[in-house]
Each structure stands twice: as C-alpha cells, then as structure tokens.
Amino acid sequence: MTLATTVRNERFVFDDLRTLFARANEEKSGDRLAGLAAASERERVAAKSVLAELTLAEVAAAIRSRKVSSVEVTRSLLARIAAWQPTLNAFVRLEGDEALAAAAAADEALARGDNVGALHGVPLAHKDMYYVAGKLAECGSKLRKGFVAPATSTAVERLDTAGAVRLGALHMAEFAYGPTGHNEHLGPARNPWDPTRITGGSSSGSGAAVAERDAGPFRSVATGRNEVAS
C-alpha cells in the first residue's frame, strides 16, 4: 500500500488522515451536529485502521511530510494498547504521557523545519532488557525489581538518534531465558492470534505487541533479542 492508496471501503485516501482525525475528535454540541457522531466514529475507526496497516517506512514518511502527526499516531497506538493489554499482557510498563510529550516535541520540530532522523516521531516499544538511562529495566525478574538502568543501550540509543518515540517496556521471559515466553512473575503474554496459545520467547511481549500492532504500525518493529528462541 502506498501513501496515496485509496481505501475504497472507507471512501478516503491517506492524504486525508489529518482531516479525518480532526473531524472525528471535534467537539459535538447541539442539534446542528446531530447525526455527526456516528459518521465521525466511522472516520475515527477508518483512520486508525489505515495507520495499523502501514509499514514502518510509510508511517515515518507520513509523519515527516506532516500528512499525519506523531501525536495522532501515538494516540492511536495507545488506544489499541488500552484495548488489548488486559488480554495480551504484552507491556510491563506503559509510558503514555511521556510518549505523547515526545510526540508533541517531534511535531514541533517538524513545524520549525528542523532536520530530523529516519524514524522521527515514530512510536516504538522495547523489550524490558534494553537499558534506557534513568528508567527501570527489570528483565522480567523479581531479582531485578526496581533496578534503574545506569546507561542507555546502543540499540535504543541509535533508535533515539533516528527520532523514535518510546511507548514503554515489553514483557519477556525471565532474564530472556525461555523459548515459550512464560514468566511466572509477570503472568503470561498471550498470542493475539489465539490467546490460548503461547507467544514464543524470550521476546514474548515484542512478538505479541507487533502481531497485534501495538508496539508500532503493522509490519513495524519492537526491539527483541535472541537468547534462546526469539
């Protein structure tokens, strides 16, 4: 799908996403707007559906060209996470307020005409073994409960340099040692295609979140690491 693809069933093109979000989220009051709520809700769902179907490169290009804002993309993903987290248990910590603040800053940088990285404003999430200085990195273990990372891992540092927005930390097998993704301390992360089945591991939360499109746009990425079977 290209950025100009017409989504026939929803009767809009990707270039109209900003208009759809604005119309779907505008205040509705009085008889003058009676009947608009249902149409706006359809537009809201349609816009989110398109975002979920885009590749990482497509979302990054759309944000850079200001066809859609980083805040809009981030809010869309946070809404998906809120809906699915009780079932999937993919996240161990969600940083919604910080993510929205970072997304707003990313949009402001674009408005100023700043030079930006390849992933500018794109929200991603990271397996809970990737250090971010000053943030918890508990590695799925009670032994690491409350551990605050003293430095930022190279992988996350490079993603940050590219402009990615952090959504939070993802479920994992304890100390990344477990091919099924089970974790007795955190409870299981569940397979979004069939919650009765395992996710695999050790990057259980990363797999579940991307498969359910929570850690970034569909066909996007979340950080994981192969210790046993990821």
Ranked L100, L77, criterion: other C-beta atoms within 10 Å, fewest first: L100, L77
Fraction in percent of alpha-carbon pairs per bin - 5 Å, region 54-211: 2, 10, 18, 20, 19, 15, 10, 4, 2, 0
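Values quoted throughout were computed directly from the atomic coordinates according to the rules given, and no laboratory measurement underlies them. From a predicted model like this one, the values you see are computed outputs, not experimental measurements. Counting neighbours? That spans all protein chains shown, and the Cβs are built from the backbone with ideal geometry, glycine included.
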